[in-house]
Amino acid sequence: MTPAALRRELDMVIVGAGFAGLYMLHKANELGLRAEVIERGDGVGGTWYWNRYPGARCDVPSMEYSLGFDHRLEQEWEWTEKYATQAEILAYIEHVADRFDLHADITLSTTVSATRFDESTNRWSVTASDGVERSCRFVVMATGCLSAANVPDIEGRDAFAGRTFHTGRWPHEGVDFADRRVAVIGTGSSAVQSIPLIAAEAEHVTVFQRTATWAVPAHNEPLEPAAVAEIKADYAGWRRRARDSSSAFGGHQPRRDVSALDADEAELAAQYDERWAVGGLSFLRAYEDLLLDERANATAAEYIRRKIAEQVDDPETAALLSPDTIVGCKRLCVDTGYYATYNRPNVRLIDVSSDPIDRIDEAGPVVGGVVYEVDDIVFATGFDAMTGALDRIAIEGRGGRTLRDVWSAGPLTYLGLQIAGFPNLFTVTGPGSPSVLTNMIVSIEQHVEWIAAAVAALDDGGLHTIEPTDEAQTEWVGYVNEVANHTLFHGCSSWYLGANVPGKPRVFMPLPGFPEYRAVCDQVVADNYRGFVRT
Ligand code: NA7
């Protein structure tokens, strides 16, 4: 029997203190629920707590990558740059926690290891590293889409004599690379952001590239007060336009509803030049079919390859850096000086596409029998995305079925919000919802508000549980696949597909198209929670 001091009765346990967990707690407090957030880190912030690598920034403009639910918050908070740094976003999240008085209900430095549904009481028990047994009606997994670090299991990894880092687990005190020879493994977004800064500091950097990445310039700059004032004067309009756009942001450069295939070369060049000059992810919104038609996509690919060649002096290196894949099939990177970094004499690029890293020995990575001697290894190798954080918790629903088993062939959800057989358990930005294909904060707000309304509706109706039917879930998974099949997202080995983690089932996890998704969620509610069973 657990002593009383180690038992806690709650309405809702929320796992994770990032944007999703904090906003969920705020909404739960508004509903008068007894809710508690449990967070593994020693501070709030989630993704922005852990990813402190040099150059870490959001690739969505700060004025849009911010919470829109509170008018005074959005008016009073001052972003300083077009793209906010990790430090600024973390300060913002800490401000949000203070401002809405959330700290009292957040337990830090505590890892949730298991949660189990008791069918006789309709309650979940939650097991955590602080030894407290929590019992609650609702569990909200606000565990993040990119929170389970993926460190590849390369033979001899632990034999390396130097220091190793993962970008998503960066030391809080920072890392001094002066006079060090550094290996960076990976060339995704975290590598693209950190390599220029590491190269400026280190004696030498060797980048191990398995797949060349597509990057467009950020053109980051300080925010002009006049531009900020203009947005703030119509913030509601900005937020509305974001919600109505497929990626839930893009106020300055919305998607043009024209085909790249109808444009001649001069028009293509002019359009891409304009987008390139502004910078950022809106490059892919230049034409409506860039992620739908390979020939349309090829026009963007050709343009970016030309830009890479212009930026990189050595033609061989430029060729290696030039992808032959679909632009945007893996998330497009937004860079500041990435390609030009390869012009530095202290940076070299090693292609490991056909000849992978064999092993790591005491001195460094070994490729094709050659040992690359380094002092430090930076793993910029990404995450077990979308399902990884959930997979690390033993989640047991009705009939003792575990989520790991239910998802063994790929994630199954209804609306990315709930899973059949797991009543009253919600996922924020779960697989099967637009999540990582959008401005995450807009998706998070939409999910949290939907969950809060669903919980309130249960209580108003004197009901106890909500969960999807198997039929609704099967239909939804089919729908997500069908939508994704109409896009080019299947054309590469991305983390959207789980392809970056050996053994992970290949299933396209997010759902393209935010406004359509939001309309379905609203309609489901209007139809009295169609596809859900409420008891
Ligand atoms: P990503 O985008 O998943 O990038 C990881 C990189 O690491 C990518 O280039 C991988 O190559 C590479 N990788 C992974 N394992 C290996 C091994 N074993 N050998 C060589 N290279 C490897 O993660 P990020 O952290 O950069 O970005 C994640 C998201 O955060 C990003 O999309 C933004 O939304 C923000 P691969 O391409 O798989 O061949």
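The values are calculated or read from the model by the stated rules, or taken from the named source; none is laboratory data. Keep in mind the model is a prediction, meaning the values are calculated, not measured. Cβ atoms come from the backbone with ideal geometry, glycine included; neighbour counts cover every protein chain shown. Heads up: the accessible areas ignore ligands, DNA and RNA and are worked out on the full protein's heavy atoms, side chains in. Shrake-Rupley method; radii C 1.70, N 1.55, O 1.52, S 1.80 Å.
Report summary: the helix-based calculation at 222 nm, which adds -39500 (n - 2.57) for every DSSP H run with n ≥ 4 and divides by the residues of the chain, gives -9500 deg cm²/dmol. Computed from Cα positions, the angle between helix 265-278 and the longest principal axis of the chain comes to roughly 70 degrees.
Phi-derived couplings, Karplus 6.51 cos²θ - 1.76 cosθ + 1.60 at θ = phi - 60°, listed residue by residue for the stretch 27-40: 5, 4, 4, 4, 7, x, 7, 8, 10, 9, 9, 10, 10, 5 Hz, with x used for Gly and Pro. Relative to the longest principal axis of the Cα atoms of the chain, helix 294-311 runs at roughly 50 degrees. The count of lysine pairs in the chain whose Cα atoms are under 27 Å apart, excluding pairs fewer than 8 places apart on the same chain, comes to 6. Taking 4.7 Å between beta carbons as the limit, the unpaired Cys residues of the chain are C58, C136, C145, C333, C521. I need the calculated FRET efficiency for the pair S135 and D176, taking r as the beta carbon distance and R₀ as 45 Å, to the nearest 0.05. FRET efficiency, S135 to D176: 0.45. For G45, the amide hydrogen comes within under 5 Å of the amide hydrogens of A17, G18, counting only partners 5 or more places away or on other chains and with H modelled in the peptide plane. Summarising the amide proton neighbourhood of F138: residues at separation of 5 or more, or on other chains, whose placed amide H is nearer than 5 Å comprise M12, V13. Along the axis of the charge dipole computed for the chain (Cβ charges of +1 for Lys and Arg, -1 for Asp and Glu, origin at the Cα centre), the listed residues T143, Y83, Y287 are led at the positive end by T143.
Computed over neighbours whose Cβ is under 14 Å from that of D153, the net charge equals -1, Lys and Arg +1, Asp and Glu -1. How far is the Cα center of the stretch 431-452 from the Cα center of the stretch 278-333, in Å? Here the two parts' Cα centres lie 28 Å apart.
Among L146, L292, the order of accessible area from largest down is L292, L146, computed with a 1.4 Å probe on protein heavy atoms. Selection among C492, S433, P423 by position relative to the dipole of the stretch 400-532 gives C492 as farthest towards the positive end (Cβ unit charges, Cα centre).
On the principal axes of its alpha-carbon atoms, the chain has extents of 69, 55, 44 Å, going from largest to smallest. Seen from A286, the other residues with C-beta closer than 12 Å to its C-beta sum to a net charge of -2, counting Lys and Arg as +1 and Asp and Glu as -1. Per-residue SASA remark: E449, around 80 Å² accessible (1.4 Å probe; ligands, DNA and RNA not included). Does the stretch 162-320 classify as rounded, prolate or oblate by the C-alpha gyration tensor (a ≥ b ≥ c root eigenvalues; a/c under 1.5 gives rounded; else a/b over b/c gives prolate, otherwise oblate)? Since a/c reaches 1.5 but b/c is at least a/b, the shape of the stretch 162-320 is classed as oblate.
Accessible area per residue was computed with a 1.4 Å probe on protein heavy atoms; S493 scores about 60 Å². Counting only protein heavy atoms and a 1.4 Å probe, the stretch 384-535 has 36 square angstrom of accessible area per residue. Secondary structure note: in the chain, about 40% of the DSSP beta bridges are antiparallel.
Summing charges over all other residues whose Cβ lies under 10 Å from the Cβ of L488, with Lys and Arg as +1 and Asp and Glu as -1, gives -3. Taking Cα centre as origin and charging only the Cβ of basic (Lys, Arg, +1) and acidic (Asp, Glu, -1) residues, the dipole magnitude of the chain rounds to 1020 debye.
Only the Cβ atoms of Lys and Arg (+1) and of Asp and Glu (-1) were treated as charged; on that basis the dipole of the stretch 70-170 about its Cα centre amounts to roughly 320 debye.
Which angle from 0 to 90°, rounded to the nearest 10, does the C-alpha axis of helix 470-485 make with the longest principal axis of the chain? So the helix axis and the longest Cα principal axis differ by about 20 degrees.
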